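Notes to accompany the following structure.
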Amino acid sequence: MATDQATPPVDRRQQAFRTPAVDVDELTALLDGRYREVRELVRANLVEHAQILVDAEEMGQAEFRERVKDVVVHMASTGQTGMGFPTEYGGGGDIGASLAAFETLAFGDLSVLVKVGVQFGLFGGAILQLGTKIHHDRYLADLISGRTMGCFAMTETGHGSNVQALGTVARYDAEAEEFVITTPDDASRKDYIGNAAAHAELAAVFAQLEVDGESHGVHAFVVHIRRDGAVVDGVRIEDCGDKMGLDGVDNGRIWFDGLRVPRTALLNQFAEVTPEGRYLSPIDNPNRRFFTMLGTLVQGRVCVGGAGINAAKVALTIATRYADRRRQFEASSTDEEERLLDYGMHQRRLFPMIAENYALHFAQEVVAGQLHDVFSGPGPVDTGTDEQARRMLEARAAGTKALGTWHATRTIQECREACGGAGYLSENRFTALKADTDVFTTFEGDNHVLLQLVAKGLLTDYSSEFEDMDQFGMVRFVAGVAVETVVERTAVHKLFQSIRDLLPGGDEWDQEAGLLDPNYQLAMLRFREEHMLGGVARRLKRGIDSGMSPGAVFSRVQDHVIATARAHTERLVLEAFVAKVATVPDKDTKVALNLLCDLYALTTIEADRAWFMEHGRLSSARSKAISREVSDLCRKIRPIAVDLVDAFGVPDALLRSPELLAWGE
Ligand SMILES: Cc1cc2nc3c(=O)[nH]c(=O)nc-3n(C[C@H](O)[C@H](O)[C@H](O)COP(=O)(O)OP(=O)(O)OC[C@H]3O[C@@H](n4cnc5c(N)ncnc54)[C@H](O)[C@@H]3O)c2cc1C
């Protein structure tokens, strides 16, 4: 991390300001990063299929689902969707490339994106990570090519976030050497399952494994739910019906009625049932086994976070370009009406979101890089992987997914409003962007539930007991250690101290340092995180000491827990941005990125100014100075705003919005 190094304090306000000349191609290359070629391939595929954005509005549901499937299969033929799979099965053998490809796909129709996510990420990921060679040999080549479609059947109507409590049962019949899969009640039917209503022949089904009367917890099985298009005996499927968006994805419900599948249907990377019915696993603790299994599927979460960030780029590009042309009211002495983008309020609405998008993009790059490293070992992740690194990755992926997808929801709405009535017309893309991205905050882990996972990591310092603990275990664990230990053990504490040492003013650092000094900005976010973390630990401990049950204590402190996780993730996002800018040569691109980085940091502090003031880290004078600085940064960004969104590299053909973007020509 750049900020670990002893960079001298800088106050960019003291430097004379000249509007930087943005080299759009250079900035796009920086954003595209290591996988530029992959992203270009996806852009080309999306442009080739740009008509699908129109089809989404004009076709009926059944026809559009087929259209989406055809596009997905065509994209598979270009290698775009199989980049993360082993080369011996026709994949590209590069996990980082597959993440870059998926993120970029979010520039186009999002039913295509989600169908790709289900087929190659969720279903393919389950076969790859939870299965062994027998499953890889049997299924990978066909699923990578799109010849066989599959689905990922985890969620049930009664249990979504709490996967450990699933009701579907897979009972082992030693005599027949088969598993018998049953849906015991309607709450246990599989629900919302993408690809299930029409296309999937196979399903990765998550069920409670029972062997000889003993339950071993949730395991995954690969089973046929259709053969040659017909639903197999022992399976019932229903369409979920109309949804808010993603009309091209066939979500369905599945019931199992004593479906018999061979013993080899168990995806046996982490557990095995011998023919005679002995259960074997290298991981003794059932909780740990469960979380290790789920942890291998973290890639889906990273993908959805990245997709949210990239879908928001489409909205930002349209809204910023429109505002640069659209005129409304005479605001100056000339007769001409003013461009929307010259209004301070419009700048205040759009530019902090552009800044946040850049920040999240670089934070996502860090998570994707870590995922690539952790998962690029020999074969699927096993228990030998550095466990703490894996836990930290899972928590970071969870936090970035939550912030990235909330950013998408807020940004798309704001951009729609910023385009006025024109934003409401479907041809300008916001109809689909809003409806299709909305659920990103829910699937691949509900955001609030994910932030609790982030907090659990922080509070337990990703300890080796992490996976053995449920929420209540975590409360007991935290209550059992000295509160100072919780804070002391985290890296935040040490980093915070080193930053504090760098800033002028000793204990008054927060009043003395320059607002545009990244060390000051980071110190503020670290102070908030550290303070919140200590506060949560203290409250958990007090609650338990006073005799309350762990559940009651956790529930009372839960909003504080979530706020801490969010503060932690925002700190990581800012660190990623600062670190990225530090790698850029001292030219105009760096000046432009510094403006965005300052804007992200100061709007983040501004948004939580009440907290900083309550905790004595912001005087009212300084708080007002931050708001002034934010507006000043927006004015500085104004001349380069269009370049900054053009650098996202969303192809013009995907922006549609013909009249909106040509306004005034
Ligand atoms: C379009 C779509 C596609 C999907 N595709 C798939 C798929 O292909 N395969 C699959 O397996 N699943 C799929 N899902 C399911 C999805 O993953 C779940 O909807 C998600 O995990 C949330 O579960 P839930 O709906 O049961 O919500 P719940 O878990 O019931 O959550 C409801 C609300 O309660 C809150 N909440 C839950 N627990 C807590 C807690 N402990 N403390 C505080 N608040 C809490 C949440 O924040 C949320 O706001 C899909 C869903 C949709 C809508």
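The values are calculated or read from the model by the stated rules, or taken from the named source; none is laboratory data. This one's a predicted model, so the numbers in the text were calculated from it and none came from an experiment. Using ideal geometry, Cβ is built from the backbone for each residue, glycine included, and neighbour counts are taken over all protein chains shown. These accessible areas exclude ligands, DNA and RNA; they are computed on the full protein's heavy atoms, side chains included. Shrake-Rupley method; radii C 1.70, N 1.55, O 1.52, S 1.80 Å.
A few comments on the model shown:
- As a rough guide to protection, the peptides 60-69, 286-295, 525-534 ranked by mean Cβ packing within 10 Å, highest first, stand as 525-534, 286-295, 60-69.
- The Rg/Rh ratio of the range 328-447, with both radii computed over alpha carbons and Rh defined as the Kirkwood radius, is 1.17.
- Spin-label model distance (nm) - D446 vs D559, 7 Å beyond Cα toward Cβ: 1.8 nm
- Helical mean residue ellipticity (222 nm; -39500 (n - 2.57) per DSSP H run of 4+; nearest 500) of the chain: -17000 deg cm²/dmol
- Accessible surface, the chain, averaged per residue in Å² (probe 1.4 Å): 38 Å²
- K541 exposes around 60 Å² of accessible area when a 1.4 Å probe is run over every protein chain in place.
- Here's the list of lysines a cross-link from K243 could span, going by alpha-carbon distance under 26 Å and ignoring same-chain residues fewer than 8 apart: K69, K115, K190, K313, K401, K434.
- From phi via Karplus (6.51, -1.76, 1.60), per-residue ³J(HN,Hα) for the range 537-551 in Hz, x at Gly/Pro: 4, 4, 5, 4, 5, 4, x, 5, 4, 7, x, 6, 6, x, x
- Multiplying the residue separation of M548 and D142 by 0.36 nm and removing their Cα-Cα distance gives an extension gain of 140.7 nm.
- Geometric extent, Cα atoms of the chain - Rg, Dmax (angstrom): 25.6, 90
- Using R0 = 30 Å, the C-beta based FRET efficiency linking V584 and A653 works out to 0.50.
- Accessible surface of the chain [probe 1.4 Å, protein heavy atoms]: carbon and sulfur percent: 50 percent
- Relative contact order for the chain, counting Cα pairs under 8 Å that sit 6 or more residues apart, in percent: 17 percent
- Note on surface exposure: S215, S145 rank S215, S145 by accessible area, highest first, 1.4 Å probe.
- In degrees, nearest ten, helix 36-48 long axis to first principal axis of the chain (Cα): 80 degrees
- Only Cα pairs under 8 Å and 6+ residues apart enter the sum, and on that basis the relative contact order of the range 122-272 stands at 27 percent.
- Note on Q328 and A625: the extension gain reaches 103.9 nm, defined as 0.36 nm multiplied by sequence separation minus the Cα-Cα distance.
- By the rule of a C-alpha distance below 28 Å, with chain neighbours fewer than 8 residues away ignored, the lysines paired with K541 are K456, K494.
- Simple label model, 7 Å out from Cα along Cβ direction - A607 to T87, nm: 4.3 nm
- A simple spin-label model places pseudo-atoms 7 Å from Cα toward Cβ; at E614 and E508 they are separated by 2.7 nm.
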